[in-house]
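The values are calculated or read from the model by the stated rules, or taken from the named source; none is laboratory data. The model shown is predicted, which means the values in this text are computed figures rather than measured ones. So basically every Cβ, Gly included, is an ideal-geometry build from the backbone, and we count neighbours across all protein chains shown. For accessibility, only protein heavy atoms count, side chains too; no ligands or nucleic acids. Shrake-Rupley method; radii C 1.70, N 1.55, O 1.52, S 1.80 Å.
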Amino acid sequence: MKIAILPGDGIGPEIIDQAVSVLKALGEPFEMEFAPVGGAGYEASGHPLPEATLKLAQQADAILFGSVGDWKYDTLERTLRPEQAILGLRKNLNLFANLRPAILYPELAGASTLKPEVVSGLDILIIRELTGDIYFGQPRGMRICPDGPFKGQREGFDTMRYAEGEIRRIAHVAFQAAQKRDKRLTSVDKANVLETFQFWKDIVTDVHGDYPDVVLDHMYVDNAAMQLVRAPKKFDVLVTGNMFGDILSDAAAMLTGSIGMLPSASLDANNKGLYEPSHGSAPDIAGKGIANPLATILSAAMMLRYSLGKAEQADRIENAVKKVLAQGLRTPDIYETGTTKVGTVEMGAAVVRALA
Ligand code: IPM
Ligand code: MG
């Protein structure tokens with residue numbers, strides 16, 4: 001089995017190194033091939049998603065992705081910015097289903113900014129549609145405003161759109177995920193204002209007919225944002241569009257105290273996937289050896305489970321992570337008095353030891 005390893009920028013290479021060590025320690029005959037992406041891709045060949053990198057990603061059975069982005073690329077034209085690498089991979093590989101679990105490990109209950117009773121034991125799953133919506137909708141761009149009080153001025157515009165089949169396939173993924181959990185699904189929309197999301201709501205309701213064992217409810221996105229910080233444990237699985245999912249998943253991540261703990265999977269229709277930590281490239285701490293590698297290590301576990309058919313090895317990694325947390329090891333982002341502060345490499349090495 002071939003894994004494409006795309007470390008990217010900022011802390012990406014450091015955290016990927018630790019995930020690769022953990023994968024190697026499993027003793028499976030994985031072939032791992034590295035390629036540059038994001039700012040690193042731009043430096044290497046003038047494009048954030050070099051052709052060879054895309055080709056490798058297409059050929060591989062799964063992709064382990066670090067993170068992309070750095071302030072120094074902010075002045076490049078949009079098509080050359082590091083973020084285009086991840087958007088391009090999602091679109092080219094049809095990775096439409098983004099799974100973003102938010103789990104609060106009991107040892108880290110104090111790391112959340114919310115009261116422990118609100119978040120302890122939190123275990124929710126956000127399913128974000130990843131290849132449609134206003135992120136990719138055409139037309140988009142700049143034009144002269146054709147009407148209204150600002151007629152004749154320059155305006156920027158994007159298009160929010162969802163096709164029926166696009167909503168159906170993500171709804172199926174969400175209902176099936178709910179069936180494997182507490183069988184409760186919340187579909188998040190803005191049906192009170194947007195045509196796109198009234199349609200979303202109607203189609204999700206229709207797909208529900210195939211999954212009578214799942215309890216479905218609908219929630220407006222503003223209310224969902226409020227409920228996520230008020231009573232997050234009331235949720236089991238949430239499903240929503242690309243834009244709302246981007247925002248809600250960051251909020252959900254922070255409930256757990258550290259975005260440095262959260263893995264994610266982006267899957268196509270055949271469970272081929274790209275796996276990446278939910279956090280970004282954190283250029284402010286890059287190269288300092290203090291980044292938390294656990295989100296990437298847990299992403300590797302998700303990869304084993306969803307794309308490589310190695311659920312037992314995934315369990316091994318997840319248990320090893322629980323063990324190092326129980327041992328009191330903490331990178332600075334999750335450090336509390338009374339625990340032991342460690343760096344990126346020490347944390348990775350501790351997980352490798354805990355695998356045994
Ligand atoms: C994410 C990120 C990306 C997104 C950016 C880097 C394009 O915020 O994966 O949530 O908006 O999808
Ligand atoms: Mg985001």
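Fraction of C-alpha pairs exceeding 19 angstrom in the stretch 97-260: 58 percent, rounded to a whole number.
Explain nothing, just the number: dipole magnitude of the stretch 225-310 about its Cα centre with +1 on each Lys and Arg Cβ and -1 on each Asp and Glu Cβ, in debye rounded to the nearest 20.
280 debye
Between M142 and R353, the modelled label-to-label distance comes to 5.6 nm, taking each label 7 Å out from Cα in the direction of the beta carbon. At the listed q of 0.11, 0.13, 0.14 Å⁻¹, the Debye profile of the chain, built from one uniform point per Cα, gives log10 I(q)/I(0) equal to -0.76, -1.06, -1.22.
The HN-Hα couplings worked out from phi for the stretch 331-336 by the Karplus form 6.51 cos²θ - 1.76 cosθ + 1.60 (θ = phi - 60°) are 6, x, 5, 10, 5, 9 Hz, whole numbers, x standing for Gly and Pro. Projecting the Cα atoms of Y211, A286, L89 onto the charge dipole of the chain (Cβ charges, centred on the Cα centre) puts Y211 farthest toward the positive pole. For the stretch 97-260, the antiparallel share of DSSP beta bridges with both residues in that region comes to about 45%.
Here the Karplus curve 6.51 cos²θ - 1.76 cosθ + 1.60, taken at θ = phi - 60°, turns the phi angles of the stretch 85-97 into couplings of 5, 6, 5, x, 5, 4, 5, 5, 9, 6, 8, 8, 10 Hz, with x standing for Gly and Pro.
What accessible area per residue comes out for the stretch 97-260, rounded to a whole number of Å², with a 1.4 Å probe?
Working: 7640 Å² over 164 residues.
Normalised by residue count, the accessible surface of the stretch 97-260 is 47 Å².
Over the stretch 97-260, what relative contact order in percent results from Cα pairs under 8 Å that are six or more residues apart?
34 percent
Less than 5 angstrom separates the built amide H of A102 from those of I124, L125, I126, all sequence-distant by 5 or more or on a different chain. Placing pseudo-labels 7 Å out from each Cα toward the beta carbon at T205 and F34 gives an inter-label distance of 5.3 nm.
V20 sits with roughly 10 Å² accessible to a 1.4 Å probe, with DNA, RNA and ligands left out of the calculation.
Bridgeable lysines around K180 (alpha carbons under 26 Å apart, same-chain partners fewer than 8 residues away excluded): K201, K233, K234, K272, K310, K322, K323. Distance from the C-alpha centroid of the stretch 1-67 to that of the stretch 318-332: 25 Å, rounded to the whole angstrom. Packing, as the average of other Cβ atoms within 10 Å across residues, places the peptides 276-282, 229-235, 32-38 in the order 276-282, 32-38, 229-235, highest first. Close amide H pairs (under 5 Å, H built 1.01 Å from N) link F34 with I5, residues at least 5 positions away or on another chain. The heavy atoms of L194 offer some 60 square angstrom of accessible surface to a 1.4 angstrom probe. Only protein atoms count toward the accessible area here, which uses a 1.4 Å probe; on the chain, the carbon and sulfur part of that area reaches 52 percent.
Solvent-accessible surface of the stretch 265-356, taken per residue with a 1.4 Å probe and all protein chains present: 39 Å². What FRET efficiency comes out for D315 versus A269 if R0 is 22 angstrom and r is the Cβ-Cβ distance? Round to the nearest 0.05. That pair, D315 with A269, gives E of 0.30. For the stretch 198-213, 3J(HN,Hα) computed residue by residue from phi via the Karplus equation (6.51, -1.76, 1.60; θ = phi - 60°) reads 5, 4, 3, 4, 4, 5, 4, 4, 5, 5, 3, x, 7, 10, x, 6 Hz, glycine and proline entered as x.
Between H172 and E51, the simple spin-label model (points 7 angstrom out along Cα→Cβ) gives 3.5 nm.
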